[in-house]
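Chemist: Following this message is one structure expressed as structure tokens.
The values are calculated or read from the model by the stated rules, or taken from the named source; none is laboratory data. Since the model is a prediction, treat every value here as computed from it, not as a measurement. Neighbour counts are summed over all protein chains in view; Cβ atoms, including those assigned to glycine, are modelled from backbone coordinates with ideal geometry. In case anyone asks, the SASA skips ligands and DNA or RNA and just uses the protein heavy atoms, side chains included. Shrake-Rupley method; radii C 1.70, N 1.55, O 1.52, S 1.80 Å.
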Amino acid sequence: MQLMLAAKAKGLDSGPMVGFDADAFVKVFHVPPRYIPVLLVAIGKAVKPARPTSRFPVEQTVIWNGFEPGTATL
């Protein structure tokens, strides 16, 4: 994630990739045996903007310094 945030700070886009052929990757890129590839990160310029997130805004999910009286719901 830190690499992706650093890329964004430099004006680049990135995306994590899983589900790749790790054995083929090791062979093609001559990865030493002490490394095990588990994730690849593509970095570059996006052709089109990414789809919007469906996550809740941080203001709706983070509570700072306690609860307001009468706001807790179960």
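Chemist: If you scan the stretch 8-42, which residues turn out to be open to solvent by 80 Å² or more (accessible area, probe 1.4 Å) and part of a helix (DSSP H, G or I)?
Modeler: Matches in the stretch 8-42: Lys8, Ala9, Asp23, Lys27, Val28, Phe29.
Chemist: Note down all Cβ pairs under 8 Å where the first residue falls in the stretch 24-52 and is without any contact (Cβ under 8 Å) to a residue 60 or more places away in the chain, the second is part of a loop (DSSP other than H, G, I, E, B) and among the β-branched types (Val, Ile, Thr), and they're at least six residues apart or on different chains.
Modeler: Phe25/Val31; Pro37/Val31; Val38/Val18; Leu39/Val18; Leu40/Val18
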